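Right, one structure below, let's go through it.
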Ligand SMILES: C[S@@+](CC[C@H](N)C(=O)[O-])C[C@H]1O[C@@H](n2cnc3c(N)ncnc32)[C@H](O)[C@@H]1O
C-alpha cells in the first residue's frame, strides 16, 4: 500500500502545484499548525521534522519560524521540488534519525495517508526530544451550506476521507493532546482541482490507473456547483 501511495504522489507533482497555487490551502494549514505547535513551546520550535513534506509547501512555512527544518517524504518526485533544506526520502514507520534528535514533528496533511498512524506516531515519539511537540492535520471533507457531506450523494469506489479519527487516536496514544477543526470556504472548481491530483483521486477510485481515475473524478464532480466548507482536524501532542 505504501508503494502505491509513493507512486501516486510521484505522479502528482504538477497537479499538486497547480492546486496549491490556486488555493494556498496547504500553506494555510501549515501556518495554522506551526502557530499551534509554537504556542506549546518555551522559546520556539527548534529542529523541526516536516514529516510528509511533499513539494515543500509546509517546509517553507516551518523554515519561516525556525532555522533548522528537515523535509522527509516517501515520494522522491515530490521531494525533488525542494532545493534548500535537508531532504530525506523515507517512510514514517522507519525514520532514519537518532532517538531524541528533533524538537518538533509536523505532519501537515500526511499522517492520514498511512495504513496505521499509530505505528508512525510511535516511531515519531522515539526521535522526538523529551520536551518536544508533535502536530498533525487531517481532512474531514467538504460540506454543503446545510451541513451535509458533499460526497454523500456520489457513487464512487471508496469514501474520502476515512482515517481522521485514527490520526487523532494515534497521537493521543502517545501524547497528551489538544484538538480542533479549521474550516475554509471553497468552491466546486477547487474541489475538482483537488481531485485532479492523482493521489487524491485515488481516494475515490483506488483501483483505476492514474489517467482513468482523474478522468472519473472529473466526471463525478462535473455537476457540482456553488460554495462549500472544507474542514480539517488538527491535533497537537506534548509529552504526558
Ligand atoms: C498531501 S501531501 C502534503 C505535503 C506537504 N506537507 C504540504 O503541506 O504540501 C502528503 C505527503 O505525505 C507523503 N507521505 C505519504 N505517506 C508517507 C509515508 N508513509 N512516509 C513518508 N511520507 C509519506 C506523500 O508522499 C505526500 O508528499
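Of note:
- Length gained when the stretch residue 211-residue 86 is fully extended (0.36 nm per residue, less Cα-Cα span): 41.8 nm
- Extending 7 Å from the Cα toward the beta-carbon at both residue 155 and residue 17 defines two label points whose distance is 3.8 nm.
- Cα gyration tensor category, rounded, prolate or oblate, for segment 72-135 with a/c compared to 1.5: oblate
- Centroid-to-centroid separation of segment 184-234 and segment 91-140 [C-alpha atoms, Å]: 27
- The chain: angle of helix 25-39 to the longest principal axis, Cα-based, in degrees nearest 10: 30
- For the pair residue 126 and residue 24, the difference between a 0.36 nm per residue extended length and the Cα-Cα distance amounts to 33.5 nm.
- Fully extended contour minus Cα-Cα distance, from residue 94 to residue 148, at 0.36 nm per residue: 15.6 nm
- Of all DSSP beta bridges in the chain, antiparallel share, percent nearest 5: 55
- Ranking of 195, 94 by neighbouring Cβ atoms within 10 Å, starting from the fewest: 94, 195.
- Mean-position separation - Cα centroids, segment 1-48 and segment 54-79, in angstrom: 8
- Axis angle, to the nearest 10 degrees, between helix 117-127 and the longest C-alpha principal axis of the chain: 30 degrees.
- Per-residue Cβ neighbour counts within 10 Å put 112, 184, 107 in the sequence 184, 112, 107, beginning with the fewest.
Read-outs: derived from the displayed coordinates by stated rules, not from any lab. Source: prediction; values computed, not measured. Cβ coordinates were reconstructed from backbone atoms using ideal geometry, including for glycine residues, and neighbour counts include every protein chain displayed.
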